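See below for the structure under consideration.
Bear in mind these aren't lab numbers, they're just calculated from the coordinates by the rules spelled out. None of the values given here were measured: they were computed from a predicted structure. Here the Cβ positions follow ideal geometry from the backbone for every residue, glycine too, while neighbour counts run over all protein chains shown.
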Amino acid sequence: MKVPSVKDLKTISGKGVKSAAEDAVGATGGVLRLAPNWVPRSFMQPGKRLKLAQEDLYAYGLDRGGIDERWFASTTEADNFGRLPDEGLSYVVFDGRRFLLRDAVAQLGAGIVGKRIWAKYHRWPVFSKFFDNMGPICHHIHQTNKFAKLVGCEGKPETYYFPTQQNFVGDNFPYTFFGLNPDVTRKQVKECMANWNKGDNGILDLSRAYRLQPGTGWYVQPGILHAPGSLCTYEPQWGSDVFGMYQSLVEGRAVDRALLVKDMPKSKWNDIDFIVDTIDWKANVDPDFHKHHFLMPKLCSGSEKKGYFDYWTNYGRTDGFQAVTAKRLTVLPGEKVTIADNGAYGLICVQGIGKIGGQLMYSPSLIHFTDLTCDEFFVTEDAAKKGVVFENDSPTEVLEVLRYFGPEVNPDAPEIG
């Protein structure tokens with residue numbers, strides 16, 4: 001028997017998606033299995049902790065860059081130069097067929113994401129990913145709604161969590177620069193932008209680095225400069241891929257200035273005042289940045305007696321708006337528990353073997369580029385509210401999953417600090 005592959009699946013699109021999606025939801029009780037969704041980045045070096053086979057790291061071609069990201073339950077296209085039509089989009093796998101989760105949401109609407117999210121957004125407006133780099137990413141921002149709208153996009157709040165299972169090694173630079181020093185002036189940042197083609201523009205000299213700790217995280221609202229370090233990161237975020245790179249040289253590698261201005265109006269590409277104005281100044285120079293952005297897991301429910309622990313890992317708000325939240329569920333060996341949630345969620349299994357809603361679920365040791373897995377699922381709102389049964393089939397090892405939720409789903413989530 002050969003290893004199951006996405007190549008063996010029949011791709012359903014157009015009018016056929018509705019009936020296929022209805023079949024899948026009906027047969028699984030709303031627990032939809034997803035295929036791995038790999039995304040390359042031309043400006044980064046893979047960190048080799050996604051469990052993707054080494055020979056497949058450049059499966060898209062050397063010119064596209066290495067695969068350093070895996071996107072979860074995504075209906076958002078990756079904004080890459082030379083991208084494939086479905087790059088960044090997750091596929092549902094059912095009965096020898098596959099179809100885009102985005103198409104299923106478009107066809108079944110509230111039957112997938114819930115009435116409130118469907119009525120307001122008419123889509124699944126968030127996604128999560130692992131990003132896994134050998135070294136740091138350059139200092140960059142994700143534009144606020146105010147500036148993203150100028151190019152027909154949305155701003156992107158995002159949150160980080162560093163899973164212990166993905167971080168046995170920290171790779172080259174497990175530290176992240178956040179924001180700017182409290183005494184930095186706009187004039188200094190403008191000088192960095194003006195010095196782009198002179199080598200290192202010195203933007204990191206104006207910032208602060210924090211040591212990254214596996215099992216913790218950070219909240220990053222739009223407009224905040226950040227240069228993520230080299231821990232493999234679980235990153236629930238808004239469904240937008242806008243960014244602007246503000247650092248000209250990273251580990252000796254030049255950063256194309258086009259990546260600074262790609263999500264700015266063309267008329268502003270050489271307007272240094274505008275480029276600096278896109279930075280949320282107050283948030284960046286906050287002297288209590290750590291207090292306002294660092295995330296420690298907080299117990300939501302469960303105990304050893306109940307057979308599980310459910311922790312908040314990702315939480316926080318931007319201007320009072322809860323864009324996304326996430327939890328880490330740990331089911332103890334041999335236990336079977338039912339977990340009810342407020343809304344739909346995307347899920348990735350990071351450790352162990354067991355079942356979710358009666359379906360096999362386990363964290364694989366190695367994945368080839370076209371392999372199918374049993375580690376990723378999307379749970380519809382109806383299924384989540386009824387409660388999903390998680391079974392740990394191991395007598396010795398925990399079963400651990402990460403799951404992320406849509407906007408304003410969890411009013412009981414903790415505040416930062």
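Quick rundown of the values:
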{"item": "Structure-based [θ]222 nm, the chain - -39500 (n - 2.57) summed over DSSP H runs of at least 4, per residue, nearest 500", "result": "-4000 deg cm²/dmol"}
{"item": "Fraction of beta bridges assigned by DSSP in segment 299-405 that are antiparallel (%, nearest 5)", "result": "100"}
{"item": "Fluctuation leader among 270, 80, 181 - the chain, Gaussian network, Cα springs under 10 angstrom", "result": "270"}
{"item": "Rounded, prolate or oblate (a/c below 1.5 giving rounded, otherwise prolate when a/b exceeds b/c) for segment 148-241 by Cα gyration tensor", "result": "oblate"}
{"item": "Projected label distance in nm at residue 18 and residue 257, using a 7 Å step from Cα toward the beta-carbon", "result": "5.2"}
{"item": "Most mobile of 65, 199, 343 in a GNM of the chain (Cα contacts under 10 Å)", "result": "199"}
{"item": "Residues 332, 347 arranged by fewest to most Cβ contacts within 10 Å", "result": "332, 347"}
{"item": "Length-normalised contact order for the chain - Cα pairs under 8 Å, 6+ apart - percent", "result": "19"}
{"item": "Cα gyration tensor shape for segment 299-405, rounded if a/c is under 1.5, else prolate or oblate", "result": "oblate"}
{"item": "Neighbour count of at most 14 Cβ within 10 Å plus DSSP loop: longest trypsin sites (Lys or Arg not before Pro)-free window in the chain", "result": "16-304"}
{"item": "Within-15-Å neighbourhood charge of residue 186 [Cβ basis; K, R +1; D, E -1]", "result": "-3"}
{"item": "Entries of 149/327; 15/266; 129/198; 10/156; 146/291; 146/327 with Cα pairs more than 32 Å apart", "result": "15/266; 129/198; 10/156"}
{"item": "Angle between the chain longest axis and helix 16-28 axis [Cα atoms, degrees, rounded to 10]", "result": "60"}
{"item": "Pairwise centroid distance, computed over Cα atoms, of segment 106-167 with segment 51-92, Å", "result": "16"}
{"item": "Most mobile listed residue (395, 407, 163) in the chain, GNM with C-alpha springs under 10 Å", "result": "395"}
{"item": "Those chymotrypsin sites (Phe, Trp or Tyr not before Pro) in segment 241-318 that DSSP places in a loop and that have at most 15 other beta carbons within 10 Å", "result": "269"}
